[in-house]
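Comments concern the structure below.
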Amino acid sequence: MTANSAFPFRPYQSITLSEEEMVQRSTAFYQRLNQRRSVRDFSSRPVPREVIENLIRTAGTAPSGANKQPWMFCAVQNMSLKRQIRAAAEQEEVEGYAHRMPQEWLEDLAPLGTDWRKPFLEEAPWLIVVFRRIYEPQHDGSQRNNYYVTESTGLATGLLLAAAHEAGLVALTHTPSPMNFLTRLLDRPKNERPFLLIPIGYPAPDAQVPDIQRKPLDEISTWY
Ligand code: IYR
């Protein structure tokens, strides 16, 4: 590829491993990530801000359409804000579970034991509210669109969850619906849309997770 002055190129810094090391490291990484679980019972034990900063830095290493990095991570530690987020989320969820969600959806969720109550939004020391940025406002007042915004923000959030797990913390990908209350409570600009609400912290000492299984390799892969 040719370089230009706007986007200079530099050599890629690679690490080269032996096949044996690749097998060993990829196995270890898989085994580590295979221990990750969505947890809904949080301890209120504080987590240092520096850790959360590193999780967000890690999320920000994700690939994105045209390198637009179309994401914003709002880190909420403030108790009164967490309370307001919980109250607004529960208000939507009460409606959701009682009226909006179809019977089939409720049946699919029944084994997970979820309901409208979201105490983790208050108990977890941090809430990370992920926004996807549809466009970028320009200095001249015009707008430039971002690309593959949902895919890019999803990839970044995946890395955030992996980083939290690696730090020994637990997280939940929570999806209150609808989520526009987050735009209002966090005073976010018009180009940002709420994507996911992620409590992060230590698990409660008595935290339980459903005993569910991951699909085996032959069900999630087809080889040609
Ligand atoms: N938004 C609801 C419902 C919910 C939906 C799915 I799909 C889940 O995997 C879990 C919950 C809630 O957060 O309870």
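Just one of the listed residues (Pro194, Pro216, Pro199, Pro176) is out of contact with any helix residue (DSSP H, G or I) (no Cβ under 8 Å at 6 or more places or on another chain) and not hydrophobic (A, V, I, L, M, F, W, C), and it is Pro216. Where strands (runs of 3 or more DSSP E) fall entirely within segment 129-224, those with at least 2 residues that are touching a Phe, Trp or Tyr at 6+ places or on another chain (Cβ under 6 Å) and away from the ligand (no atom under 16 Å from the Cβ) are at 143-145, 192-201. Selection of segment 106-120 for residues being part of a loop (DSSP other than H, G, I, E, B) and not basic (Lys, Arg) yields Gly113, Thr114, Asp115, Trp116, Pro119. Does segment 112-126 contain at least one residue that is more than 12 Å from the ligand (Cβ to nearest atom), among the charged types (D, E, K, R) and touching a Lys or Arg at 6+ places or on another chain (Cβ under 8 Å)? Scanning segment 112-126, I find at least one residue that is more than 12 Å from the ligand (Cβ to nearest atom), among the charged types (D, E, K, R) and touching a Lys or Arg at 6+ places or on another chain (Cβ under 8 Å), so the answer is yes. Tell me, please, whether a residue that is in a loop (DSSP other than H, G, I, E, B) and either surrounded by 11 or more Cβ atoms within 10 Å (Cβ to Cβ) or modelled with pLDDT of 95 or more (or both) can be found in segment 21-32. Looking through segment 21-32, none of the residues is in a loop (DSSP other than H, G, I, E, B) and either surrounded by 11 or more Cβ atoms within 10 Å (Cβ to Cβ) or modelled with pLDDT of 95 or more (or both). Residue-level check: of (1) surrounded by 10 or more Cβ atoms within 10 Å (Cβ to Cβ); (2) in contact (Cβ under 8 Å) with a residue 60 or more places away in the chain, Gln35 misses just (1). Scanning segment 142-177 for residues that are modelled with pLDDT under 95 and surrounded by fewer than 17 Cβ atoms within 10 Å (Cβ to Cβ) returns Thr175, Ser177. Cβ separations smaller than 7 Å between residues 6+ apart or across chains give the following pairs from segment 86-105 residues that are touching a residue at least 24 places away in the same chain (Cβ under 8 Å) and assigned to a helix (DSSP H, G or I) to residues that are away from the ligand (no atom under 11 Å from the Cβ) and acidic (Asp, Glu): Arg86/Glu122.
Filtering segment 124-173 to residues that are more than 11 Å from Ile198 (Cβ to Cβ) and of a type in the set (Val, Ile, Thr) leaves Ile134, Val149, Thr150, Thr153.
The values are calculated or read from the model by the stated rules, or taken from the named source; none is laboratory data. Given the structure is predicted, the values throughout are model-derived calculations rather than measurements. Methodologically, a virtual Cβ is constructed for each residue, glycine included, from the backbone with ideal geometry; neighbour enumeration extends over all protein chains shown.
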